[in-house]
1. What is the Cα radius of gyration of segment 1-138 over 2.2 N^0.38 Å, N being its residue count?
2. Fewest Cβ neighbours within 10 Å first, please rank LYS14, LYS258 accordingly.
3. Which residue, chosen from GLN236, ALA257, LEU267, occupies the Cα position most advanced towards the positive end of the dipole of segment 177-271, where the dipole is computed from +1 (Lys, Arg) and -1 (Asp, Glu) charges on Cβ about the Cα centre?
4. Output the 0 to 90 degree angle, nearest 10, between the alpha-carbon long axis of helix 66-77 and the longest principal axis computed from the alpha carbons of the chain.
5. Taking Cα atoms, how many degrees apart are the long axis of helix 185-198 and the longest axis of the chain, rounded to 10 and kept between 0 and 90?
6. Say the cut-off is 21 Å between C-alpha atoms; which of LYS175/LYS262; LYS96/LYS225; LYS56/LYS85; LYS133/LYS262; LYS225/LYS380 go over it?
7. What length, rounded to one decimal in nm, is gained on full extension from THR303 through to VAL60, with 0.36 nm per residue of separation minus their alpha-carbon distance?
8. For segment 73-121, calculate the relative contact order in percent as a whole number, restricting contacts to Cα pairs under 8 Å that are 6 or more residues apart.
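Read-outs: derived from the displayed coordinates by stated rules, not from any lab. What you see is a predicted model; the values in this text were computed from it and never measured. Cβ sites come from the backbone with ideal geometry, for glycine too, and all protein chains shown count toward neighbours.
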Amino acid sequence: MKVLVANLGSTSFKYRLFDLPETAGSTGGERELARGGVERIGAAESRVYATAGATKLEAVRPVPDHAVALTAALEQLTAEGGPLKRVEEVAAVGFKAVHGGRVSGVVRVGPDVLAAMEEMAAVAPAHNPPYVKAMRLLGERLPDVPLVAAFETGFHATIPDRNALYAVPTDWVEKHLVRRWGFHGASHRFVATRVTDLVAAKQPLRVISCHLGGSSSVCWIRDGKSVGTSMGMSPQSGLPQNNRAGDFDPFALLHVAKQTGKGFEELLVELSGRAGLAGMSGTSGDMRDLEEAAAAGSRRAQTAIDVYVASIRHWLGAGIVELGGLDCIAFAGGIGENSPLTRAAVLAGLDDLGIAIDASANDARGTGEREIGAPTARVKVWVIPTNEELIVARQTRDLLAGGPATGMHPERNGG
């Protein structure tokens, strides 16, 4: 079964095309056939590009919206040298959707799903609006192509209330869905799946997954299921992000508003666009730039790194207590995979907990899965390049294999 997984921006469209076994749950024989996208959607000329094995395809043409972008991508994939013979080979388009509130898990996209995503747009402003707009367009223009939303929150539906609820009035939870929803679900699900294959340990396996990148979160996993995560009601929360503040005392907003005369919306824009590692350092939120600046003597850059690392360690320690011990720590994401300094700082001084890094393995240049824990340490430490798109492709295939499904999912119903 061929599944195209879409990643949407306001003026961009990226995708990966997979060929999967048709049987639900099967992972043998999976292949990535192509990846590509469309840049500058809505401009006079847009770049449509794809890579299929050794073949590279590229064209420039007008692409006014995301529906035309998908059509252009499919036409390119079926052109000479492309991996498809005809468009009908694509069984579905899967989306790594972010926040649907009461709608979670994996669902066919329909009016109820889009309405639920619109309801949560205020807490996922960078993600939900462009996805809703594009999904609606695609549904209208390409009614014969099944659209499937795999929500980031779905993996965290197993978090117990003690780790999911804020200490707020009950009607906030029941009426307004205020709770810790959690995100990066596809990445943490992939890590949980791979660690189970890689680590021989007593069951249930206790894992802490650190998805560290431009957007970062920590997830506590027991027996393949999420039992706690650092992100909360919105993707703006948890660890400090590239340019987002992460966890923040809301009463500080009132104080700053009175001090500056700025409005609530204006301050939220600052917290979600001018804060985080970039705001602290005064330069960049990219860890590569921060490490370079810190090495050159920038105290602000070093402080930003220190705050980021301390937040990861905070959630790491809390996870060890919640899980009652630990079998494995996994690093994923752009920073988790590529920053030896960050990994070493996060795990420094934890020998008494059975956690230690092999310095040479950690510092070695490399790609792909690799173990970086000290051979004598009890807790395994792995670097696992995440594959969120493959997870979404599998979930899309599994939904189609089980028959059509659209509607509200009860995983998070305020109970």
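1. In units of the 2.2 N^0.38 Å rule of thumb, it is 1.09.
2. Ranking LYS14, LYS258 by Cβ neighbours within 10 Å, fewest first, gives LYS258, LYS14.
3. Checked the options; the winner is GLN236.
4. 70 degrees
5. 70 degrees
6. Those over the limit are LYS175/LYS262; LYS133/LYS262.
7. Full-extension gain reported as 83.0 nm.
8. The value is 27 percent.
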